[in-house]
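Below you'll find the structure, written out as structure tokens, and then a few comments.
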């Protein structure tokens with residue numbers, strides 16, 4: 001997206017400063033290592049994580065009360081996320097992943113719990129964390145969790161299995177969602193913070209993935225894991241509410257991530273089309289290529305503006321269930337199209353690993369699946385339309 005378009009937003013000096021910090025870090029530190037991180041397959045770039053933490057990019061979204069950057073408005077987070085993911089979406093999502101862990105703690109936790117688990121995330125060498133919802137047989141239907149939490153005196157006993165848990169091989173703490181009664185569906189879902197070293201908790205081997213390999217995923221097994229009642233977030237049955245509020249914010253941030261990715265594809269395709277010549281002139285002068293670039297630019301703008309709208313409404317305290325789903329749906333599908341279009345513009349070279357566009361296309365596919373597939377987003381949006389009528 002042209003800089004002038006983005007600067008048309010009514011941003012505060014602080015928002016501009018954070019956006020520029022993220023853009024500079026993405027250009028200097030993220031983009032140069034993107035291919036190597038992808039080639040590593042199942043290793044997160046922990047050295048880069050530590051570098052990012054020293055400039056505040058891993059904890060800027062945490063409240064100042066626990067030592068974080070105090071940037072709790074979603075709009076600023078969206079601006080930062082877009083720039084980081086313009087460098088590389090997998091790495092960008094990794095660097096801000098502790099915010100995903102923090103959301104249910106901020107939504108449901110007591111001040112003491114927030115200090116206990118969030119303050120350590122604000123240092124120069126913070127730990128990685130994870131949020132565990134998905135199960136082998138439970139994806140989008142989070143109310144149907146099978147992982148059980150059975151009260152036993154001053155403890156809960158957790159038994160079950162989680163799948164596709166981001167950061168699982170490295171995480172120090174997990175927010176684990178379980179049910180105290182499967183028959184209650186959403187009203188039984190309860191959240192717990194569980195230490196990695198708790199007996200009975202084991203992590204499976206890293207899962208080899210199509211894209212976004214900077215974040216390593218694995219299964220998490222819970223075999224009679226005893227968790228103190230003090231580690232429960234909120235009351236029994238409040239976990240689903242905290243999760244849905246987390247999803248509203250995270251879906252907007254996915255809109256930002258995918259906008260950054262789509263913009264990277266557009267920037268690269270435009271530069272390539274201006275240099276590559278066929279039939280005696282740069283291919284950008286051929287109408288078929290020029291129109292494709294125009295469509296890419298339009299989709300990037302649409303994704304960005306939908307995401308900004310949702311963030312502003314969220315910050316104003318509005319219910320953004322539909323707007324968040326729309327930002328996620330449109331952003332992810334536009335990113336998939338734009339990365340495809342970049343590959344198409346490069347032709348054979350787009351299919352080669354000599355350029356990043358093939359990687360970006362692989363990276364984009366995840367965003368049409370995670371945190372609710374495109375089908376689920378359409379269900380959410382349509383239901384909201386019916387309710388509003």
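All of the numbers you see were taken from the coordinates with simple rules; none came from a lab. What you see is a predicted model; the values in this text were computed from it and never measured. Cβ placement follows ideal geometry from the backbone for every residue including glycine, while neighbour counts extend to all protein chains displayed.
Against the main long axis of the alpha-carbon atoms of the chain, helix 74-87 sits at an angle near 60°.
For the chain, relative contact order (Cα pairs under 8 Å, six or more residues apart, normalised by length) works out to 17 percent.
Note on the chain: helix-only mean residue ellipticity at 222 nm, from DSSP H runs of 4+ residues weighted -39500 (n - 2.57) and normalised by residue number, equals -16000 deg cm²/dmol.
Within a 10 angstrom radius of the beta carbon, how do 272, 351, 241 rank from fewest other beta carbons to most?
351, 241, 272
Mind pulling the angle between the C-alpha long axis of helix 97-108 and the longest principal axis of the chain? Nearest 10 degrees, somewhere in 0 to 90. With both axes taken from Cα atoms, the answer is about 40 degrees. Here the contact order of segment 129-237, divided by its residue count and restricted to Cα pairs under 8 Å and six or more residues apart, works out to 32 percent. Relative contact order for segment 3-122: 30 percent, from Cα pairs under 8 Å spaced at least 6 residues apart, divided by residue count. Sorting 96, 321 by the number of Cβ atoms found within 10 Å of their own Cβ, with the fewest placed first, yields 321, 96. Inter-label distance, residue 210 to residue 349: 2.6 nm, where each label sits 7 Å from its Cα along the C-beta direction.
Size check on the chain: the Cα extents along the three principal axes, sorted descending, read 79, 50, 41 Å.
Hey, what angle do you get for helix 239-275 against the long axis of the chain, alpha-carbon based, 0 to 90 degrees rounded to 10? The helix 239-275 is inclined about 20 degrees to the chain.
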